[in-house]
Amino acid sequence: MRMKNKYRKPNTLRWNAGSRCSLLVWSLVGFLVMLYLYTFIHDTNVKNEEHQMHISHHLQFRELEEVEEENLQIPAPRGKRSPRADKRRPRKVHTSLIDEFLDESSKLRRIFFPDETTAIDPMNGTGNDTSCYYPGRMWLDTEGNPIQAHGGGILYDEKTETYYWYGEFKDGPTYHAHKRGAARVDVIGVGCYSSKDLWIWKNEGIVLAAEEKNETHDLHKLNVLERPKVIYNNMTGKYVMWMHIDDVNYTKASVGVAISNSPTGPFNYLYSKRPHGFDSRDMTIFKDDDGVAYLIYSSEDNSELHIGPLNEEYLDVTNIMRRILVGQHREAPALFKHQGTYYMITSGCTGWAPNEALAHAAESIMGPWETIGNPCVGGNKIFQQTTFFSQGTFVLPLPGFPGSFIVMADRWNPADLRDSRYVWLPLTVGGRVDEPLQYSFGFPLWSRVSIYWHKKWRLPRRWGVKES
Ligand code: DGJ
């Protein structure tokens, strides 16, 4: 006979409470899993759609995405090598080839720094070579002189429908200020070149000149002026230049600001400062679609980047700043945007010696930023691990080809900095998706950023034609 358990009710009650509680927990878990799956599938679909769009937009760009190989043999170690090359030895792999690259007396030198007989000379362009980029070759302006616009960037000026390329004018002797100092050239100023087609460049002169006499001036020739970038302020109608200002030992670690009424200058130097009170070395500026501009700089002894909006006139930073890529030791930031996502290419920190580039992505420009990986494709392993023996400086969107860009990089020549070369290559966003190297909540998949190696390439025929 079953006995009625007088304690049953309370027990049942307790069981019900427990089961309700676990039901609640499981429902919550289920809900979160569904939410995650939804976000994941949605995200993947969006990226796939982007991929499809990318493919249909880039049929003419496709030949630039073909991988070109390089067959460079690593030479056997030699007994005697330049003591300077030894000092600059980076810590990473393939040191022997990087040493050869840095060694002025190396037989391989001609491969990386071909002489003037192979210079790109648009004024004497013949047949097949017309409009062709040859990364690493000398590049002559319309007067037949090598272009001097290192660590530079490009502004497209709507008013004159002209591209302006600004960069370090380094046409002076390279020397070492002291035994352990980096190779340097005295400051001459910021060079500016204009072009309608991104291939033929006219020298517009030095738009911000060094100060010869006043030793206390930021622009005194014995200081450092690097990585100048110019943007246009629609509100004030001024062209604003930001640059890295330093002393010979790189201890001032500041940004400088200059302003002009015309893209071809002269620029009026305003002041320098440590932005947000922090040391600032390699830097860039980025103007967003909504007109807000940002300063991005390597800080805390290059261990992290800082990003913050400029004020409305673009003449100063505001007090908003975020630390990004903390502990990653990146420099040479170059920002660009595609379909609402922000991307950035950075380099490692090895002085003038080349190192591996990384691509980063963010949904919001103020972060969080995630590191996607090395964007370099083609060449060979060492080409990819050295950013094709160069260091990025700017990424220029290619009008008429959404998702296609030109990446501008410097192949520094520390033995003779004025003879540093330009490595311009096609960069695309799209194709297969990439998982970030560092995960944050949400596991987003980023479109792949690829920089394709080419010994020779040209822009697609109808570039610049706006889509209707
Ligand atoms: C690497 C930087 O990216 C360059 O702009 C320059 O500052 C060199 N270091 C100096 O060694």
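No lab work stands behind these numbers, since they all come straight from the coordinates. Being a predicted model, the structure only gives us computed values, none of them experimental. In this analysis, Cβ positions are derived from the backbone assuming ideal geometry, glycine residues included, and neighbour counts consider all displayed protein chains.
Data for the structure
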{"read-out": "Residue selected from the range 272-282 under the condition within 16 Å of the ligand (Cβ to nearest atom) and not hydroxyl-bearing (Ser, Thr, Tyr), by the criterion farthest from residue 299 (Cα to Cα)", "value": "282"}
{"read-out": "Subset of the range 216-234 that is among the hydrophobic types (A, V, I, L, M, F, W, C) and surrounded by fewer than 21 Cβ atoms within 10 Å (Cβ to Cβ) - its residue that is nearest to residue 257 (Cα to Cα)", "value": "231"}
{"read-out": "Positions within the range 242-271 being within 16 Å of the ligand (Cβ to nearest atom), free of Cβ contacts under 8 Å to residues at least 60 places away in the same chain and of a type in the set (S, T, N, Q), in sequence order", "value": "251, 254"}
{"read-out": "Restricting the range 300-336 to residues that are without any contact (Cβ under 8 Å) to a residue 40 or more places away in the chain and closer than 18 Å to residue 391 by Cα, the residue that is nearest to the ligand (Cβ to nearest atom)", "value": "330"}
{"read-out": "Of all residues in the range 337-352 being buried (at least 23 other Cβ atoms within 10 Å of the Cβ) and over 16 Å from residue 430 (Cα atoms), the one that is farthest from the ligand (Cβ to nearest atom)", "value": "346"}
{"read-out": "Total residues in the range 396-418, condition more than 16 Å from the ligand (Cβ to nearest atom) and either on the phi < 0 side of the Ramachandran plot or in a strand (DSSP E or B) (or both)", "value": "9"}
{"read-out": "Test: residue in the range 381-389 that is more than 16 Å from the ligand (Cβ to nearest atom), in contact with a Leu (Cβ under 7 Å, 6 or more places away or on another chain) and either in a strand (DSSP E or B) or without any contact (Cβ under 8 Å) to a residue 24 or more places away in the chain (or both)", "value": "no"}
{"read-out": "Residues located in the range 279-291, provided they are surrounded by 15 or more Cβ atoms within 10 Å (Cβ to Cβ) and of a type outside the set (Ser, Thr, Tyr)", "value": "279, 281, 282, 283, 285, 286, 287"}
{"read-out": "Residue match in the range 162-176 (condition: in a strand (DSSP E or B), in contact (Cβ under 8 Å) with a residue 12 or more places away in the chain and surrounded by fewer than 17 Cβ atoms within 10 Å (Cβ to Cβ))", "value": "yes"}
{"read-out": "Residue within the range 308-322 that is touching a Phe, Trp or Tyr at 6+ places or on another chain (Cβ under 6 Å), buried (at least 17 other Cβ atoms within 10 Å of the Cβ) and over 28 Å from residue 269 (Cβ atoms) present", "value": "no"}
{"read-out": "Options 213, 196; residue that is surrounded by fewer than 18 Cβ atoms within 10 Å (Cβ to Cβ) and within 23 Å of residue 141 (Cα to Cα)", "value": "196"}
{"read-out": "Every residue from the range 216-241 that is away from the ligand (no atom under 15 Å from the Cβ), within 24 Å of residue 395 (Cα to Cα) and hydrophobic (A, V, I, L, M, F, W, C)", "value": "230, 231, 240, 241"}
{"read-out": "Residue in the range 304-324 that is under 18 Å from the mean Cα position of the chain (by Cα), part of a loop (DSSP other than H, G, I, E, B) and among the small types (Gly, Ala, Ser) present", "value": "no"}
{"read-out": "Output for the range 155-182, where each listed residue is within 27 Å of residue 204 (Cβ to Cβ), of a type outside the set (D, E, K, R) and within 16 Å of the ligand (Cβ to nearest atom)", "value": "166, 167, 169, 172, 174"}
{"read-out": "From the options 351, 367, 327, residue that is small (Gly, Ala, Ser), in a loop (DSSP other than H, G, I, E, B) and in contact with an Asp or Glu (Cβ under 8 Å, 6 or more places away or on another chain)", "value": "327"}
{"read-out": "Among residues of the range 412-431, those that are of a type in the set (D, E, K, R) and surrounded by 23 or more Cβ atoms within 10 Å (Cβ to Cβ), counted", "value": "1"}
